[in-house]
Amino acid sequence: MCLIVFAWRPGHSLPLIVAANRDEFYARPTLPLAPWPDAPDVHAGRDLEAGGTWLGVGADGRFAALTNIRDPGQPPGFKSRGELVARFLSANISIADYLSEVVPRAGEYGGFNLLLGDGTELWHHNARDARPQRLVEGVYGLSNAGLDTPWPKLLKARAALAEALDDPQPQALLALLNDPQPAPVAELPDTGVGLATETLLSSVFIASPAYGTRASTALIVHADGTRHLVERSYGPLGGHLGEVELQV
């Protein structure tokens, strides 16, 4: 997952609104959003290469999502980051207890941002920080750096989400995730991947022959705990492959 914008509003009739794009190589085998046969309370897409996921919901109001940290110089992790989401969704421990396990083991994974929720609290942990952060009410964005790092794509998508909050509908959230316009060169971050790649990765929606946005997900959580998810899948050059809608 390479871009997540979300509104956290405890006490509201719609306390959590999420719009997220997963960017990945098209050749990496993936299953779309569905209940997991080996963990039926988990509803998520699935990475068939490593078995984890990038975003999903579980029992008891659980929500989790992940982005990586873009840094060509970082040491590779020997474990898949997607297991951090999958383990939380299928676990039966508090966020605090789960994070107490994750924080000292962060070096086992490549750099990551992890969002964890239980319907009452929402936490963020950046693998490079010593302490996770319990989030207060607000509209936030995560790309491939720290929370709310002002990359152009994050600023654009976060602003679009804020404008949609009066009547957040899944199709409107998916529409804001489908913006292919790259950022102006003068506004690009320098993450060490070169100008051509920085430009390709600067759009909210990424499309190319080999790498791009594989899934766009809209999640709307209701105060009674009901979750409404819509996931749209894409192939090379942004070709639309299908759409899944679930109420859980």
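What follows draws every value from the coordinates through simple rules; no lab data is involved. None of the values given here were measured: they were computed from a predicted structure. No Cβ is skipped: glycine too gets one built from the backbone with ideal geometry, and neighbour counts run over all protein chains shown.
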- prompt: Once the Cβ-Cβ distance between ALA59 and ALA196 is put in as r, and R0 is 45 Å, what FRET efficiency do you end up with, to the nearest 0.05?
  reply: 0.55
field: Dipole magnitude (debye, nearest 20) for the chain, charges at Cβ of Lys, Arg, Asp, Glu
entry: 340
- prompt: Using +1 on the beta carbon of Lys and Arg, -1 on that of Asp and Glu, and nothing else charged, what's the dipole of region 161-242 about the Cα centre, debye to 20?
  reply: 380
Centre separation in Å (Cα based) which lies between region 74-153 and region 225-248: 23
task: As a check on your grasp of the helix formula, calculate [θ] at 222 nm for the chain: sum -39500 (n - 2.57) over DSSP H runs of n ≥ 4, divide by the residue count, round to the nearest 500.
output: -5000 deg cm²/dmol
task: Using only the Cα atoms of region 80-203, build the gyration tensor, take square roots of its eigenvalues as a ≥ b ≥ c, and label the shape rounded, prolate or oblate: rounded if a/c is under 1.5, else prolate if a/b is larger than b/c, else oblate.
output: oblate
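Cβ under 15 Å from VAL42's Cβ, VAL42 left aside: what net charge do those residues give with Lys, Arg +1 and Asp, Glu -1? Display every interim value, and only then the final one.
Values: positive: ARG46, ARG62, ARG87, ARG227; negative: ASP38, ASP41, ASP47, ASP60, GLU83, ASP118, GLU231.
Residues close to VAL42 contribute a combined charge of -3.
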message: Rounded, prolate or oblate, given the Cα gyration tensor of region 1-64, with a/c below 1.5 counting as rounded?
response: oblate
message: Run the numbers for HIS240 and GLN169: contour at 0.36 nm per residue of separation, minus the present Cα-Cα distance, in nm.
response: 23.6 nm
field: Selection from PRO72, PRO152, TRP8 lying farthest towards where the dipole of the chain points positive, charges on Cβ
entry: PRO72
- request: Could you tell me whether the chain comes out rounded, prolate or oblate from its Cα gyration tensor? Rule is a ≥ b ≥ c as square roots of the eigenvalues, rounded for a/c under 1.5, then prolate if a/b exceeds b/c, otherwise oblate.
  value: rounded
message: Can you compute the modelled spin-label distance between PHE25 and HIS222, with each label point 7 Å from Cα toward Cβ, in nm?
response: 4.2
Top positive-direction residue, dipole computed over the chain with Cβ charges, set ALA207, GLY192, GLY52: GLY192
Local electrostatic count at VAL136 - Lys and Arg +1, Asp and Glu -1, tallied over other residues with Cβ under 12 Å: 0
statement: Measuring from its Cα centre, region 88-228 shows a charge dipole (+1 at each Lys and Arg Cβ, -1 at each Asp and Glu Cβ) which, in debye to the nearest 20, is 320
